[in-house]
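Contents: one structure, followed by commentary.
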Amino acid sequence: MTRGVEIKELRKNFVLKRWQGCRRIASEAVAVDGISLKVPEGQSVAFIGPNGAGKSTTIKILTGILHPTSGDVYVAGYIPWRDRRKLAYQIGTVFGQRSQLWYHLPPIDTFDLLSRIYSLKRVDFVRTRDSLIERFALGGFLHIPVRKLSLGQRMRAEVAASLLHRPRILFLDEPTIGLDVIARQELRDLICEWNREEGATVLLTSHDAGDIEQVAERVIVIHHGRIVVDDDVAAVRRRYLGSKILRVQFHETPREIPFRGMKLIERSLHEMKIEIDTSVISAQLAIARVLDAGRVADLSIEDPPLEQVIGRIYSQAAAAGAP
Amino acid sequence: MKEITKYGWIAYITARSHIAYAGEVFTRIVLMTVILYVFSRVWLAVYGVNSGPRLAGLTITQMIWYLVATEAFALSGPRTWYEVEQDVRTGRVAVQLIHPLSYGLTHLGKAMGERIVRFAIYMLAGVVIALAIAGPLRWTASGLAMFLAILPLAFLLDFLGHFLVGLCAFWLESVNGLALIYTRATMLLGGLILPMEMYPAALQPTLRRLPFASMVYAPGRMFVDPSGAVFFKAFWTQAAALIVFLCIVGAVQAAAFKRVFSNGG
Amino acid sequence: MFRTGLDYMGLVVAYTRANIRAQMEYPGAFLSQVIAMIINDGAWVMFWVFFFSRFRVLHGWGLPDVISLWSVTAAGFGIANAIMGNSLQLAPLIIQGELDVWLSHPRAVLPHMLLGRSVPSAWGDAVFGYAAYVFFVRPDLARMVLFIILTFGTALVFVGLGILAGSLSFFIGNASSLADEWRNAVVMFSTYPPALFQGAVKWLLFSVIPAGFVSYMPVEALRSLSLMYASGALLGALGILAVSAAVFHCGLRRYESGNLISFNG
């Protein structure tokens, strides 16, 4: 049995009851429409998709909170909704908008309570706890009530709490929502580190491109309950946006550049930002043209931001498969 | 004169919006029904072993109708203490402090609007229930006049009590407990279920002099067994209590506002 | 089996300690709520003191008997909500999806969810219940022991009712006001001597509004030191708890299939 996650033809329909005038109308909404995937142990995966796409539903099914309509699911070898309690020892969950830390108590008290809930041996618990306190830098506010902590501190404590029982798989639902830039980066680093050093599988949902770029190896895009894209992060960026961004700085005003296959995005006196459509013109040819135009002081070529990629995937998928 | 119409208008608006709170009213009517039912059983038992139809001068029918009036008073209490507490909590009070007198009067207008509507509703409900349980009472025009006449000052006194409790929010973190104590004291010492005549003889003189009896017992008594003597006694007690309450409220309000200005609002 | 029992006891202690510590973050508010509740309950007891000083007996029940009703009810209610405070507000937890947090733990959802909160005023009820019983009834050792056991039984009834009322939210949406009304009705009826009620109402009081198991049977057991009534009370309590747990799990299955009326994917 796999130690990671395995999903076969997962389907989930919801029955929505609405009032129309005096009558109750039941309609079926399809939240998940045949998802199949395999996540090997130790991989970090990002689920992205617009609201209502079915990613929260999928995560809830994976964590045993929801029963599917049909399909097979194995998480760490367990069927989530059948063995919810046994599974709970193997997984950690962090809901961005719901906390398992007691609001009026310091995090250390919730940690102690969790050690009892998970029936952790005192010795093991103390070791894990102290290691987490050190790695997540919780020492400074461990004894301060959660209500007095900043959101960044709270999320660090929240993630630490979910790792106390050393789960093999970590589910994170919008973990960086509402955090400032620094806190977000810190949290991403911590999750990354945990994934690398412990070999734990990480599944996260997010709307934030930075989360995905820095934490995930693999991106799964869900739209209308189906998987639209399933690839590693770099490939997604490369394939789904057939373009590169070229920045060039000239020593003096350059000559005219033939812009076939290229689009000028920005221009100041001696600098230019150009988007290259790699399906029309190869990067090599584009660079050659630019070098021809004058004496170049600096030149760089990079992938477009993931935000753009995702936006384009959504609209492509919408155009292609919208029911 | 314009000021009075302004507060009158506030009272009217509040009264109108209050009619929308159907759910709460319904709940309280259910509560009233249960209380009337339970105590009709209690009085049946008590009068069952009593020699003669009267206890302390009242028949069992009168006892049940007494409860209608006192319950209507108890259930129709204003939320002034909560609103004042919120004003203090949110700092809104600083804005309204510009005219301290108007602050009290605004709340008074609101409270009176609420009170009159709710009291009428609960009296109506109580009448229906009591008619079903105990049958009608014989009322006289003069009796009903005394009943209506004893109400205004009773409402006013109760408002001042709630307002005072609310003002304590300047010093206390939460006045929830204080409000509960105030309402309980009013009911217990004012004769919600037992008319004054049935309290221990030793306590009666003191209790009758306290304002609570003039708020709860007096209307109840006027409703079931009106007596000119009791009316005037209660009325003077109300008047005296009014002066005392006004002094206390004035002093507390001044102290409270001083606290606001010294703390910077 | 025994080990799981001990484990659960350990958890109850751990949760209660955490709850108390959380309350102690605001000692002033905690204490004032406790005291306010004691005064609130005390006011009712004072009423009965006045009543019985005038009327001696009610259907053969005297002051100690009615105080016993109050004590058992208050102590049971207090224990229930001091330890399993979430039994008072299961409905909002379910509606807001907070069940998910409890579902992510490797434990049975229901008991852990219930233990997750302590209501401060409930401690007041518990303290009052015990104090009133000791002070007004002056029990012998046997009765005191029986009282303690029976109050835990009553606590189970209240927890069961809370679960039942809250579980309605799985089926009909937000039922918290209905739950509150139901609870208030149960508490109300539990504090009046059962002899007041006859016939159909009596049946009601052992079923839909189980005041019979909250206080009538326990107090009857205490009055006559009857093992039969005591076991009846405890069995009834366990029965109510079992039914409520079953209803909850039925509702939980519905929740887990995602077909709640208010679901947002």
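FYI, it's all coordinate maths here, none of it is from the lab. Keep in mind the model is a prediction, meaning the values are calculated, not measured. Neighbour counts are summed over all protein chains in view; Cβ atoms, including those assigned to glycine, are modelled from backbone coordinates with ideal geometry.
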Measure of size requested: the Rg and Dmax of the stretch C:1-110, with Cα atoms as the atom set and Å as the unit; please supply both. 19.5, 59
State the antiparallel share, in %, of DSSP beta bridges confined to the protein assembly as shown, rounding to the nearest 5. 70 percent
Please work out the C-alpha center-to-center distance from the stretch B:221-260 to the stretch C:145-218 and express it in whole Å. 40 Å
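Nearest 0.05, what FRET efficiency do residue B:12 and residue B:148 give at R0 = 22 Å with Cβ-Cβ as r? Spell out each step's value before the answer.
Details: r = 19 Å, r/R0 = 0.88.
E between residue B:12 and residue B:148, to the nearest 0.05, is 0.70.
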Whole-number value, in Å³ per residue, for the convex hull of the alpha carbons of the stretch C:43-164 is 119 Å³
Kirkwood hydrodynamic radius of the stretch A:242-302, Cα pairs, Å: 11.3 Å
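Starting from the Cα coordinates of the protein assembly as shown, work out the convex hull volume and express it per residue in Å³. Write out the running numbers ahead of the final one.
Numbers: hull volume 204.7 nm³, N = 853.
Value for the protein assembly as shown: 240 Å³ per residue.
Roughly how crowded by other chains is peptide C:191-203, in terms of the mean Cβ count from those chains within 10 Å of each of its Cβ atoms? Write down the numbers at each step before the final one.
On the way: counts 1, 4, 3, 0, 2, 8, 3, 1, 0, 0, 3, 0, 0.
Mean number of neighbouring Cβ atoms from other chains: 2.
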Give me the angle, in degrees from 0 to 90, between the Cα long axis of helix A:151-163 and the longest principal axis of the Cα atoms of chain A, rounded to the nearest 10. 60 degrees
Hey, can you grab everything whose amide H is under 5 Å from the amide H of residue A:172? Only 5+ residues off in sequence or another chain; H modelled, so Pro and N-termini drop out. A:94, A:203, A:204, A:205
Ranking of B:247, B:168 by count of other Cβ atoms within 10 Å, fewest first: B:247, B:168
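Is there a simple number for the mean count of other chain Cβ atoms within 10 Å of the Cβ of residues in C:170-183, and what is it?
1
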5 Å binning of all Cα-Cα separations within the stretch B:69-138, expressed as whole percents from 0 upward: 3, 15, 18, 17, 12, 10, 8, 6, 4, 4, 1
Between the stretch A:204-224 and the stretch B:73-93, the Cα center-to-center distance that results, in Å: 50 Å
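Of the trypsin sites (Lys or Arg not before Pro) in the stretch B:39-139, which ones lie in a loop per DSSP and count no more than 12 other C-beta atoms within 10 Å? Provide the component values of the computation, followed by the final result.
On the way: sites: B:41, B:54, B:79, B:89, B:92, B:110, B:115, B:118, B:138; in loops: B:79, B:138.
Hits after loop and neighbour filter: B:138.
Evaluate peptide C:97-104: per residue, the Cβ atoms of other protein chains within 10 Å of its Cβ; return the mean as an integer.
On the way: counts 5, 2, 1, 9, 6, 2, 9, 15.
Mean shielding count: 6.
Using only alpha carbon positions, build the gyration tensor of chain C, then give the equivalent ellipsoid semi-axes as the square roots of 5 times its eigenvalues, largest first, whole angstrom. Let's see the in-between values first.
On the way: eigenvalues 209, 86, 65 Å².
Taking √(5λ) for each Cα gyration eigenvalue gives 32, 21, 18 Å.
May I ask for the equivalent-ellipsoid semi-axes of the stretch A:5-237, computed as the square root of five times each C-alpha gyration tensor eigenvalue and listed largest first in whole Å? Let's see the in-between values first.
Numbers: eigenvalues 189, 83, 69 Å².
After diagonalising the Cα gyration tensor, the semi-axes are 31, 20, 19 Å.
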Listed by chain and number, the residues whose amide H is under 5 Å from that of residue A:243, excluding neighbours fewer than 5 places away on the same chain and using placed H, are A:278
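Looking at the stretch B:75-149, which chymotrypsin sites (Phe, Trp or Tyr not before Pro) are in a loop (DSSP not H, G, I, E or B) and have at most 13 other Cβ atoms within 10 Å?
Values: sites: B:81, B:82, B:103, B:119, B:122, B:139, B:147; in loops: B:139.
Counting only loop positions with at most 13 other Cβ atoms within 10 Å, the chymotrypsin sites (Phe, Trp or Tyr not before Pro) in the stretch B:75-149 are B:139.
Take the Cα gyration tensor of the stretch A:1-111, multiply each eigenvalue by 5, square-root it, and list the three semi-axes largest first, rounded to whole angstrom. Don't skip to the end; give the middle numbers.
Working: eigenvalues 157, 98, 35 Å².
In descending order the semi-axes read 28, 22, 13 Å.
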For helix A:306-321, what angle does its Cα long axis make with the longest principal axis of chain A, in degrees from 0 to 90 and rounded to 10? 80 degrees
How would you rank A:124, B:87, going from fewest to most other Cβ atoms within 10 Å of each one's own Cβ? A:124, B:87
Show which lysines lie in cross-link reach of residue A:12 when reach means a straight Cα distance below 28 angstrom and same-chain residues fewer than eight apart are skipped. A:38, A:55, A:60, A:86
So, in Å, what gap is there between the alpha-carbon centers of the stretch C:114-144 and the stretch C:227-255? 23 Å
Using the Karplus equation 6.51 cos²θ - 1.76 cosθ + 1.60 (θ = phi - 60°), what ³J(HN,Hα) coupling, rounded to whole Hz, does each residue of the stretch A:249-264 give in order, writing x for Gly and Pro? 10, 9, 6, 9, 4, x, 6, 4, 10, x, 9, 5, x, 10, 10, 7
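With each run of n ≥ 4 DSSP H residues scored as -39500 (n - 2.57), what mean residue ellipticity at 222 nm is computed for the protein assembly as shown after dividing by its residue count and rounding to the nearest 500 deg cm²/dmol? Don't jump to the answer; show the numbers that get you there.
Working: 34 runs with 511 residues, N = 853.
Value at 222 nm, helices only: -19500 deg cm²/dmol.
Antiparallel DSSP bridges in the stretch A:5-237: what percent, to the nearest 5? List each step's numbers first, then the result.
Numbers: 26 of 44 bridges.
If we restrict to bridges inside the stretch A:5-237, about 60 percent are antiparallel.
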Using unit Cβ charges (K, R positive; D, E negative) and no other charged atoms, how large, in debye to the nearest 20, is the dipole of chain B about its Cα centre? 180 debye
Starting from the Cα-Cα distance between residue A:11 and residue A:315, subtract it from 0.36 nm times their residue separation and give me the gain in nm to one decimal. 107.1 nm
Any idea what angle helix B:80-90 forms with the longest principal axis of chain B, computed on alpha-carbon atoms, 0 to 90 degrees, nearest 10? 20 degrees
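State which helices in chain C qualify, where a helix is a whole DSSP H run, it must extend 24 Å or more along its own axis by its Cα atoms, and its mean Kyte-Doolittle hydropathy must be at least 1.0. Could the numbers behind the result be given before it?
Working: long enough: C:2-23 (31 Å, 0.08); C:27-55 (42 Å, 1.21); C:63-83 (29 Å, 1.28); C:141-172 (47 Å, 2.17); C:227-256 (43 Å, 1.07).
The qualifying helices are C:27-55, C:63-83, C:141-172, C:227-256.
Ranking C:257, A:27 by Cβ neighbours within 10 Å, fewest first, what do you get?
So the residues, fewest neighbours to most, are A:27, C:257.
Report the extension gain between residue A:181 and residue A:103 in nm, rounded to one decimal, defined as 0.36 nm multiplied by the number of residues separating them, less their alpha carbon distance. Numbers along the way, then the final one.
Details: separation 78, 0.36 × 78 = 28.08 nm, distance 2.41 nm.
Going from the current span to full extension adds 25.7 nm.
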